[in-house]
Amino acid sequence: MGDGQYLDIILFAMIAAFLVLRLRSVLGRRTGHERRPPDRPPLARRADAPVPVPAEGRDNVIDLPSREVRVEEPMPSDPLAAGLTQVKIADSSFDAAGFLKGARGAFETIVQAYAHGETKTLRPLLNDEVFDRFSTAIQERGKTGETLETTLIGIKSAEITGARMDNRTAFVTVSFLTEQVNVTRNKEGQVTDGDPNRVTEVHDVWTFARNTRARDPNWTLVETASPS
């Protein structure tokens, strides 16, 4: 081998050594004490993205089908319930059960007072229109000498069928179903109407009223009717 070839080999070796040293200075060497790169912050999860569940916990997870939420329309309000609510708003002391109890008592008192012609008893229980009608009938019986005998056997049912407010005045209607014995006698005591041995079922519809701003808690009878 000639001297020229040796020189080429030495030259190539020097160039290779130079390149290795150059690369090591640029790339550096891993010694095991290098600083760890900073932790990368977690990616923000979209609000609608599913929450990942660990594989070992999947046995306790039940996938529920999505359901559409429905808002039901309110049922139409009952006119009677709405009327009673209006009365209750106007008069916080109003109680339907207590009112019915008082109405039953008023019914018995008015029926008996009318039969016996006791206008003084009727006066505070009736409004002017009803009182005038009742007192007129009582006077007519007195002129002819007739008497009315009414025996209230019992009240089979009494229920509120209507309620409303008119400005400050509350109106409550009650349907009474009663059993009565009604007999009209002339001045000689003879029966001209009815049967003393017959119990008759009588249906009356009475409307009571009260000014909710008044201090007087009593209700007055303002209308009477007898359904056919």
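None of the figures in this text is laboratory data; all of them are computed from the coordinates on show. It should be emphasised that the depicted structure is a prediction, and the values quoted were computed from it without experimental measurement. Note: ideal-geometry Cβ built from the backbone for every residue, glycine included; neighbour counts use all protein chains shown.
Remarks
- Extreme residue, positive dipole direction of segment 79-225, given options Thr121, Val111, Ser135 (C-beta unit charges): Thr121
- Per-residue ³J(HN,Hα) for segment 163-175, Karplus 6.51 cos²θ - 1.76 cosθ + 1.60, θ = phi - 60°, Hz, x for Gly and Pro: 7, 6, 10, 10, 6, 8, 9, 9, 10, 10, 9, 10, 9
- Cα shape, segment 79-225, gyration tensor, a/c 1.5 rule: prolate
- Segment 79-225: Lys pairs at Cα distance under 22 angstrom, eight or more positions apart or on different chains: 4
- A simple spin-label model places the labels of Arg141 and Glu179 2.3 nm from each other, with each point 7 Å out along Cα-to-Cβ.
- Karplus-based coupling profile of segment 120-129, in residue order and whole Hz: 5, 6, 6, 3, x, 9, 10, 7, 4, 5, with θ = phi - 60° in 6.51 cos²θ - 1.76 cosθ + 1.60 and x standing for Gly or Pro.
- Built amide H within the under 5 Å cut-off of Gly162, gap 5+: Thr173
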